[in-house]
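Note sheet for the following structure.
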Amino acid sequence: MSEKSKKKKLSIEESFEYLDEALEKIEDEDLPLEEAFAVYEGAMKVLKECGRQIDAVEKKVKVLEKNGSLSDLEDMED
C-alpha cells in the first residue's frame with residue numbers, strides 16, 4: 001500500500017485487505033525485525049480505525065421487530 005493510500009480513510013473492506021497483506025508480510029521469515037515492527041505498527045493503526053468504523057455502523061443498525069416497526073439494536077437486548 002502506497003503512502004498516499006495510507007493517508008486516505010480506508011473502507012472496512014479495504015482495511016481487512018490491508019490487514020491480510022500486513023499479516024502475510026509479518027509472517028515472512030526473511031523480513032527484518034525493524035520492517036516487521038513498522039508493518040505491525042501500521043496494521044494496529046488500521047485495526048483501530050476499522051474498529052471505530054464498525055462501532056459506528058453498529059450504532060446505526062436497526063432491527064426489524066415482529067410487528068414490523070424499527071428499533072435500535074440496543075433496545076432489543078432485553
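Take peptides 22-35, 40-53 and line them up by average Cβ neighbours within 10 Å, highest first, as a rough protection proxy.
Result, highest mean Cβ count within 10 Å first: 40-53, 22-35.
Compute the distance in nm between two label points, each set 7 Å from the Cα along the Cα-to-Cβ direction, one at GLU29 and one at GLU17.
3.1 nm
According to a simple spin-label model (label point 7 Å from Cα along Cα-to-Cβ), what is the distance in nm between GLU41 and LYS9?
So the two model labels end up 2.5 nm from each other.
Each value in this text was obtained by applying a stated rule to the coordinates, not by laboratory testing. Keep in mind the model is a prediction, meaning the values are calculated, not measured. As a convention, Cβ positions derive from the backbone with ideal geometry for all residues, glycine included, and neighbour counts pool all protein chains shown.
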